[in-house]
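Notes follow once the structure below has been shown.
The values are calculated or read from the model by the stated rules, or taken from the named source; none is laboratory data. Source: prediction; values computed, not measured. Cβ placement follows ideal geometry from the backbone for every residue including glycine, while neighbour counts extend to all protein chains displayed. Calculation scope for accessible area: heavy atoms of the full protein, side chains included, ligands and nucleic acids excluded. Shrake-Rupley method; radii C 1.70, N 1.55, O 1.52, S 1.80 Å.
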Amino acid sequence: MSQGNSQKFEGASRYVLDEELAQIVNISMALEMPLLLKGEPGTGKTMLAHSIAQSLDMELIVLNVKSSMKLVEALYQYDTLTRLNDSRFGDSERDVSNIEEYIKMGKIGQAFKADKKTVLLIDEIDKADTDFQDDMLDVLDQMEFDIMEIDKTIKAKNRPVFIITSNSKKDLSDPFLGRCNFHHIAFPGPKMMRKIVHVHFPEIDHSLMESAIDAFYRMRDLDHVEKKPATRELINWIRALQADPDFHPKQLSKGQMPFLGILFKKSQDLERAQSQGGRVYR
Amino acid sequence: MFIGFFYTLKEAGLPVSPTSFLTLQRALEMGLINSTGDFYTSARTILVKSERFFDIFDQVFAHHFDGVELPDFKGMELDEMFRSLLDEWLSHPKELANMLGIDESQLAKLNADELLQYFKDRLDEQKERHEGGNKWIGTGGTSPVGHSGYHPGGMRVGGMSRNKSAMKVAASRRYKDYSCQGTLTESMMGEALKRLRHLVPSGAKDNLDIDKTIVQTMKNGGEIELVFERSLKDRLNVILAIDNGGWSMDPYIPVVQALFTHARAQFKYFKTIYFHNTIYSTVWEDPERYRKEVQIEDLLKNDPETRIIFVGDASMGPYELIDTDGGLSIYERSGKRSIDILRTLSKTFPHTAWLNPIPKEHWHYTHTIKKIGQIFPMFDLSLDGLEKAVNSLMVK
């Protein structure tokens, strides 16, 4: 189970990693503890799991948590409908009397059964009920679960690298937090943002990047905005600015802001940005 | 190792568990931690489970490993201090005149409101000057005087350096905005809104979900099992009652109003009313408390299921609350005691909450806070307090 211990994570081609986070990822992998990541949208929580998988050459399995999800769905599913159908019409290859043929592995089950160590991303765990986390405690501790229908225990062949993200809509339960390492990814500063933009647009015009990032942070500082623009919005905005032949970076420093709708997705915010936009530039 | 550090964290109010401390020891033993920087990162990721506590962690870390004086977590809050200063100055008009740089005769011409405004403006100027100079001083982040007596010369606060030491990282207090203890600020808006989202009703589980019933029945091999869903209930009526009388409330009103304005779409009906210090026979719909009066009788006619959220410091002279003619305004002579009116409100509307911008630790200094706190469930105006208030408003 510990074959991955010697591996170290050092970032990937499409992801800009800060040193602190690299240390946290490495220590969590060495201690074999799940890493819980919080932070506002656009700070690269999900991207981190992708880049760990990429750089350590592991398979990435993503479990997108939904609000109504029960843990058992993530472990395995017993396909009763197909079995009922098969027994009614009898035209399939499957053996109706063998329940195991109707058991499908869920994402956690797939990660446990994989022959090689995998990265298991449990995305936005806070969406589900607290039951989901409570049920997961056992699975995390034992690294195994039972399939009740066929009375069989699935054990993890390799302990996956657990990356769990939360948007902190709800607080996670204390026992669950106790089993995780925790990190909060702060929103990147302008310096970091330059690197990030550079990773996405290696050939970007320097003055365009500078003025766009500058304008972006000023727009983030506007008062009373409900949903602040995040990294994703900036990247799309720059893409739009680049695509517009009439656009010149100087426009931004003059206070003309094209395509504001890309940065602000709520109509109230957009109005506010349009009305305040002029004032930001004295 | 580092047992002292562990206990200092605990004493500072950080919920650290022995298990996680043992995990940290394991990490040390495995040779994963080779520098103070490593230790800072690892200890935080293992011991601290919420970004709200990152700030306390940073402070304790700087204290323990670099001898930075730990701020007094129970220190007098800014507001309290200015209040007492103002009281003192008002009893020595000559000093006050000197303070504000105007002579006494001019001062005498100012009425109370103008005086307060003038005083406040000066305070704001002072606040900016000091805040810019040093982030480290004061628990509230705006204290211009630094009551803990800490001298910042020893640490290069905010200094730019490529080679960031753990000490400096800890001292820069990057996570101050995430701390849940401080009074609500603009930057916490997003988090605060998320907490307000819980302010939605949940009905009884009495709607038959036919699809789920069929699936469940099939899983049971034909044994019928009925699955019920929560029925949707009507959205809530919310009345926000704001004390906009005293200058002590001013910094918080825009934040609270913006917060509820953003959230109003989730309410069926939303209204803001204003009062000064406490409620007598009238409240107002306009912030100037002049044009649109609402008689308390009309307020009481609202649906009893309405959630009323008061925002105020609940600090006033005791007579304002318990005298029959305690009102500050000369028009306010209803002959009813304010405390009785508050009790009537609390009886009529079972779901109320009072949000108080004064930190909880200081509540027991003020008699009227205690009194009002007995009538309405009172919470401090912080992320934690807001969450608790929403929970209490949703209790059946």
*What strands (runs of 3 or more DSSP E) completely inside the stretch A:127-215 contain at least 3 residues that are within 14 Å of chain B (Cβ to nearest Cβ) and open to solvent by less than 80 Å² (accessible area, probe 1.4 Å)?*
A:161-166, A:181-184
_Filtered residues of the stretch B:14-34 (kept if more than 16 Å from A:Leu177 (Cβ to Cβ) and surrounded by 12 or more Cβ atoms within 10 Å (Cβ to Cβ))_ = B:Gln25, B:Arg26, B:Ala27, B:Leu28, B:Met30, B:Leu32, B:Ile33
*Say we look at the stretch B:212-229 and pick out the residues that are at pLDDT 85 or above, more than 49 Å from the chain's Cα centre (by Cα) and open to solvent by less than 70 Å² (accessible area, probe 1.4 Å); which of these is nearest to the other protein chains (Cβ to nearest Cβ)?*
B:Met218
*Determine whether B:Gly13 is away from every other protein chain (no Cβ under 14 Å) and not in a helix (DSSP H, G or I).*
yes
*Restricting to the stretch A:216-254, what's the tally of residues that are within 14 Å of chain B (Cβ to nearest Cβ) and buried (at least 17 other Cβ atoms within 10 Å of the Cβ)?*
8
*asked:* Looking only at the stretch B:332-353, how many residues end up being at pLDDT below 85 and within 23 Å of the chain's Cα centre (by Cα)?
replied: 0
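Every residue, every condition in (1) among the aliphatic types (A, V, I, L, M); (2) more than 19 Å from the chain's Cα centre (by Cα); (3) crowded, with 20+ Cβ neighbours inside 10 Å, yes or no:
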| position | (1), (2), (3) |
| --- | --- |
| B:Ala241 | yes, no, yes |
| B:Pro251 | no, no, no |
| B:Lys268 | no, yes, no |
| B:Ile279 | yes, yes, yes |
| B:Arg289 | no, yes, no |
| B:Glu293 | no, yes, no |
| B:Ile296 | yes, yes, no |
| B:Lys301 | no, yes, no |
| B:Glu305 | no, yes, no |
_Scan of the stretch A:24-47 for residues that are part of a helix (DSSP H, G or I) and not small (Gly, Ala, Ser), ordered by number_ = A:Ile24, A:Val25, A:Asn26, A:Ile27, A:Met29, A:Leu31, A:Lys45, A:Thr46, A:Met47
*asked:* Filter the stretch B:27-51 down to the residues that are within 8 Å of chain A (Cβ to nearest Cβ) and acidic (Asp, Glu) and list them by number.
replied: B:Asp38, B:Glu51
